1. Please find, within the range 235-248, the residue that is nearest to the chain's Cα centre (by Cα) out of those that are surrounded by fewer than 24 Cβ atoms within 10 Å (Cβ to Cβ) and not in a loop (DSSP other than H, G, I, E, B).
2. Kindly indicate which of 213, 186, 176 is closer than 21 Å to residue 93 by Cα, at pLDDT 95 or above, surrounded by fewer than 20 Cβ atoms within 10 Å (Cβ to Cβ) and in contact with a helix residue (DSSP H, G or I) (Cβ under 6 Å, 6 or more places away or on another chain).
3. Working only within the range 278-314, note down all residues that are at pLDDT 65 or above and buried (at least 16 other Cβ atoms within 10 Å of the Cβ).
4. I want to confirm something. Restricting to the range 1-56 and keeping residues that are farther than 19 Å from residue 96 by Cβ and not in a helix (DSSP H, G or I), which single residue is modelled with the highest pLDDT?
5. Can you go through 48, 126, 72, 41 and tell me which one is closer than 30 Å to residue 210 by Cα and surrounded by fewer than 24 Cβ atoms within 10 Å (Cβ to Cβ)?
6. Kindly establish whether residue 142 is modelled with pLDDT of 90 or more and surrounded by fewer than 18 Cβ atoms within 10 Å (Cβ to Cβ).
7. Considering each of 60, 98, 111 in turn, give the residue that is touching a residue at least 40 places away in the same chain (Cβ under 8 Å) and surrounded by 14 or more Cβ atoms within 10 Å (Cβ to Cβ).
8. Name, by its number, the condition in (1) within 28 Å of residue 111 (Cα to Cα); (2) assigned to a helix (DSSP H, G or I); (3) touching a residue at least 40 places away in the same chain (Cβ under 8 Å) that does not hold for residue 191.
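The values are calculated or read from the model by the stated rules, or taken from the named source; none is laboratory data. Remember, predicted model here, so these are calculated numbers, not experimental data. Note that we place each Cβ from the backbone using ideal geometry, even for glycine, and neighbour counts take in every protein chain shown.
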């Protein structure tokens, strides 16, 4: 009974919600990219740039506009999130350019982005702060309470003092699912990912839609990185993403390329990630607990990937007939 209580404690669930968010945001970005037919293995690298530029944006804004930040403290972290999203989009644009326009292999491009991000983040951190591996501390958003849920005894600890970015992430999932199902943009993006030639004959700009999907994935992965730096660690330090970009890809696949599915899969991975970060009463070695998120990712992919149905043109470069 003690083991069950430890595994289902409110503290662990609250921690799981927090650590789920960066995985969820990156997985949601992957949904947009792959629904358009472009595999974005570079999510890990984009998240790395998001962590760095999120911290830099927060730090610089707080020191450039101290009076504004004193009046509205959330402006500095908001500037950090915006900087991270712009940096993510810039990195994603590189991926889109080389894979969509120049039709370079998408896996190779993504791996190259990941390697570039590691070195670039270290170089820029030395340039900005004079040290290689971490930034100065930064401020986070003011925590909020969910009015209805905070009064419920069981849910109160989970619904109080949470990051506004958690609510934004959940809202983005709902918006994303509705967008892909009900809007013209979503239908066109899915059409480009399934049958780009047919979409082209109907007058849909295949290249433009694919660029849009990749850029959205970059913005969301950058936001995921900003969450890690601004809301969890309150600074940037080297290696803080810890492979979450790759776990997000697994969550996207397990969620069958849909935002709500990605939410459920991200929550699963987030729970085991939280379990690995907390001391719980379990009769197993701590080393096993620490690698649980990655073990779960491997097991889920091994058992599910054969039954998963990606978009038909996912990962396939498109060339117009006249080219």
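1. Across the range 235-248, the extreme among qualifying residues is 246.
2. Criteria check complete, one pass: 186.
3. Hits for the range 278-314 are 292, 293, 294, 296, 297, 300, 310, 311, 313, 314.
4. 9
5. Answer to the check: 41.
6. Here the answer is yes, as residue 142 does meet what is asked.
7. Unique residue meeting the criteria: 111.
8. Only one criterion is unmet by residue 191, namely (3).
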